[in-house]
1. Take the stretch 1-22 and flag every residue that is part of a loop (DSSP other than H, G, I, E, B) and either modelled with pLDDT under 95 or buried (at least 18 other Cβ atoms within 10 Å of the Cβ) (or both).
2. Pairs please, first residue from the stretch 217-233 and outside the structural domain of Ala143 (by TED's automatic domain parsing), second anywhere and at pLDDT below 95 and surrounded by 15 or more Cβ atoms within 10 Å (Cβ to Cβ), Cβ atoms under 8 Å, 6+ apart in sequence or on different chains.
3. Condition first: among the basic types (Lys, Arg) and surrounded by 19 or more Cβ atoms within 10 Å (Cβ to Cβ). Now tell me which residues in the stretch 232-258 satisfy that.
4. Would you call His262 in the same structural domain as Pro94 (by TED's automatic domain parsing), under 29 Å from Gly46 (Cβ atoms) and touching a Pro at 6+ places or on another chain (Cβ under 8 Å)?
5. Collect the residues in the stretch 23-32 that are in a strand (DSSP E or B) and either in contact with a Lys or Arg (Cβ under 6 Å, 6 or more places away or on another chain) or more than 9 Å from Ala54 (Cα to Cα) (or both), keeping them in residue-number order.
6. If Ile30 satisfies all but one of (1) surrounded by fewer than 20 Cβ atoms within 10 Å (Cβ to Cβ); (2) among the hydrophobic types (A, V, I, L, M, F, W, C); (3) closer than 23 Å to Pro115 by Cβ, what's the number of the condition it fails?
7. Against the condition free of Cβ contacts under 8 Å to residues at least 60 places away in the same chain, in contact with a strand residue (DSSP E or B) (Cβ under 9 Å, 6 or more places away or on another chain) and part of a helix (DSSP H, G or I), how does Ala106 come out, does it pass?
8. Run down Leu28, Leu86, Leu108, Leu43 and say which single residue is outside the structural domain of Gly203 (by TED's automatic domain parsing), under 25 Å from Arg286 (Cβ atoms) and under 11 Å from the mean Cα position of the chain (by Cα).
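The values are calculated or read from the model by the stated rules, or taken from the named source; none is laboratory data. Given the structure is predicted, the values throughout are model-derived calculations rather than measurements. When we count neighbours, we look across all protein chains shown, and the Cβ atoms used for this are built from the backbone with ideal geometry, even at glycine.
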Amino acid sequence: MTAPTAGSLRVNGATLHYEVRGHGPLLLLIPGGTGGAASLAGLASGLAGEYTVATYDPRGMARSTLDDPEAGQSVAEHADDAFRLLELLSPGEPARVFGASSGGIAALHLLTARPERVERVVVHEPPVVMVLPDAAEHRRLLARVGETLRTEGLMPAMAVFAAGLKGDGDDPAGPEAEAEVKAEAEVELPPEAAARAEQTMAGLPYFVGRIVPAFMSYTPDVDRLEALSDRLVLAAGEDSRGELAYRPAAFLADRLGTDLVHFPGGHIGLTTHPAPFGELLRETLRAGSRRTAGR
């Protein structure tokens, strides 16, 4: 695996930890969930032969610290963090961007807010559920997650959230869902994977308490995305059909009249299928480059 060069960047209210691998045009990978740059290491190494690949821990996650640990979070500020990294690593030159899950939401906002800095953006299952016809149901899910976190604690709230993403109906906080979340947290792992799992668990209170409500209540500017659709690729997992995170990407692709690209695996296919996932991402980015050259 290609060893990265690490750095830090001061942004508004935070210090970002970032890592850079490889040579070539810049490709910025924006992680979702609580994994941070570590969750994208395999994908980044596979792409480093063709691109200068930058990954980072989003503000408040892992090694990217907040000046005020209790500060509220917003999609716009996280997207601005990505913009500041582009300014640092690829000044004046449009870059390629990939975002997964909540990172995909930040990537969508980056495209609409700073289109001059983005040549091509691929977003994998961004859970922008407010674009869906049943958005009111998902507002209720977010409210249940928040109330469960406040009254019962993290693991019951995670069970509500996880089951809601699976689309398991109106009573997602059953004992089976909670047991599944706990079991995954207790699996014995190799040392490197165990360290990543520990980081993921440490970030869960922040993720569930502040990232989930801020990001999943965000509504993208769909008209603006339509105007920029030649730079946007909407993607989803082959195994995610029927799950909540799949639906916004499919809905937006239909609304914008673009293809929905199916990647290997499910919502975390970049972790479970890193090699084929990375190869399809490489092909998707190349297709965009050819289209840009032909304009």
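1. Met1, Thr2, Ala3, Pro4, Gly22
2. Arg231/Gly288; Val233/Gly288
3. Arg247
4. It is false that His262 is in the same structural domain as Pro94 (by TED's automatic domain parsing), under 29 Å from Gly46 (Cβ atoms) and touching a Pro at 6+ places or on another chain (Cβ under 8 Å).
5. Leu27
6. Here Ile30 meets the rest and fails (1).
7. no
8. Leu108
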